[in-house]
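Derivation of every value follows stated rules applied to the coordinates shown; laboratory data play no part. Here the structure is a predicted model, which is why all the values come from computation and not from measurement. Cβ placement follows ideal geometry from the backbone for every residue including glycine, while neighbour counts extend to all protein chains displayed.
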């Protein structure tokens with residue numbers, strides 16, 4: 001991949017509260033700008049009042065020209081408009097359990 005290209009990303013989102021995922025947002029500039037991902041799969045069955053399945057998503061994010069590395073940030077928003085916290089600071093616990101902060105990945109760009 002070269003700087004100035006677009007980087008494909010894909011994953012899954014899940015709301016532990018039983019609400020369907022409304023959208024997935026992604027950033028390739030540490031949260032300065034956000035792009036909305038395409039949600040490619042939602043479980044549509046209305047048999048139960050809660051939504052207990054993953055939603056699959058994909059997106060192509062821009063890579064800034066001249067960048068040597070990029071931090072990809074991903075966050076999900078459910079239909080109750082609850083979103084993931086940016087950091088683990090106020091939800092941290094010694095076991096690392098229930099950590100649901102933004103997913104952040106460092107990607108090195110090669111020329």
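A few comments on the model shown:
- Panel order for 73, 34, 57, 52, by other beta carbons found within 10 Å of each beta carbon, from fewest to most: 52, 34, 73, 57.
- With both labels modelled 7 Å from their Cα along Cα-to-Cβ, the residue 80 to residue 53 distance reads 2.1 nm.
- Pairwise label distance in nanometres, residue 64 with residue 106, each label 7 Å out on the Cα-Cβ vector: 1.6
- If the segment from residue 12 to residue 71 were pulled out straight at 0.36 nm per residue, it would be longer than the present Cα-Cα gap by 19.4 nm.
- One quarter of the surface of the convex hull around the alpha-carbon atoms of the stretch 45-87 equals 5.0 nm², the direction-averaged projected area.
- Three-way shape label, the stretch 6-108, alpha-carbon gyration tensor, a/c 1.5: oblate
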